[in-house]
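The values are calculated or read from the model by the stated rules, or taken from the named source; none is laboratory data. This one's a predicted model, so the numbers in the text were calculated from it and none came from an experiment. We place every Cβ from the backbone using ideal geometry, glycine too, and count neighbours over all the protein chains shown. These accessible areas exclude ligands, DNA and RNA; they are computed on the full protein's heavy atoms, side chains included. Shrake-Rupley method; radii C 1.70, N 1.55, O 1.52, S 1.80 Å.
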Amino acid sequence: MSSPPGGKASPSLPVGAAAMAADPPPPTGARSFPEPGVHRSGVLSRVRLSAVGRIPGQRGARVARVAPSLVRRLRPLRRPAVSSAVVAMALAGSGVLILHLVQRQTGTAGLLVGLGLALLPLPFVLGSLAWLNQTARVPIRHTLFCLAWGACAATTVAIMANGWASDFLIAHRGARGETWGSEFATPLIEEVAKGSALLMLLLPLRRRHRCEPDRPCGRLRRLLWHRHGDPERPLAFRPAPGGRRRARSRPRTLAAGAVLGGVTASGFAFTENALYLGRAFTADRQARLDAIGLGRTPSLRDFDGTVHTFVLRALLSPFAHPLFTALTGIGLAVTLTTGRRWAARLGAPAGLLLAMGLHGVWNAAAGLGTDGFLLVYGLVMVPCFAALVCFAVWAQTRRTRQPTGPG
């Protein structure tokens, strides 16, 4: 064998090393072509690309072999029909469970009366949200999901978690623990249970933009976690292909957050009203039977507790829960649509904290007597509801002013 020009013989190289030396790595910044049969999209792309170049004896190779099998098993769940069927079955199961839990506390007659009375204010609340939905244009399947989530899943979680939290606080704090449970624990549990549906529906908006040509990175991640000077962070948001405008403008997304939050809370308020009205009816009926046993003459005033509960929950505050959760939806929509980093970081937490704070004030007002309740109702609830109405009118006005565009 001939020696190189320097006069020194080159050591023998293995076959793999010689192949790597013959094929130098691409320059920095250039993209190499993927291996044949490797897809660039989805979870399988990351698994298969990570498996390329691994030594068979390493631990990561076994992980790479196990991960595709798990992905293949979970792939049917990504189909819309299958996922919708699974969600419908889960919501139906939670609906049966919540009916059983309410029936245990109210009885069969109380459950039927409570459901009938709680159904009366529901069309008016949903009709108002349908008017706002002219701006949001939320699909009907999303509104049905939110309504079922609030009426079944969120109430099931709230009843069970509220009972556990109340028992824990009363056992450790006594009478003060009951107050803490109604003013702090209950708003936290209920608003988180309702807001989780909004998170599932609004979070896919983060996929509208990409940070890298080959790796999707949504606006939420880019605003919250990318630092200044990060090479992965682009200088500006990329425009839509072909110069098209974004599919959802900011007023529409804000209105969508309010609509989804309001619909979820409407379902939650329906089940909660059925529970409280059923309890009141059962108590009034038992008191009436006791009065008849004592020889008193029955009258309609025997059901004053049911009438009082209906006036308080169905006539004076039908929009209370929708108002609370609408704040959570608006805050989450601000986080997902704003171009300002501080607003993206504070939008969702601020909306959730406002919802919990307003909910806690509303619960605390119930223990202040009639005068205290009316004072809180006039100074807090009415202005907040008026602000929500002004927001709905503003969103509707922006919709009529904006030209019709794609999406």
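For the pair PHE124 and ALA85, a Förster radius of 22 Å applied to the C-beta separation gives a FRET efficiency near 0.10, rounded to the nearest 0.05. When ARG313, ARG296 are compared by accessible area of protein heavy atoms, the largest-first order is ARG296, ARG313, using a 1.4 Å probe.
Over the stretch 292-407, the Kirkwood radius and the radius of gyration, each from Cα atoms, give a ratio Rg/Rh of 1.19. In the context of the full protein assembly, THR156 retains an accessible surface of approximately 10 Å², using a probe radius of 1.4 Å and ignoring ligands and nucleic acids.
Take the Cα of LEU379, step 7 Å toward its Cβ, do the same at LEU316, and the gap between the two points is 1.6 nm. Legend: calculated FRET efficiency, ARG104 to LEU203, from the Cβ-Cβ distance at R0 = 30 Å, rounded to 0.05, equals 0.25.
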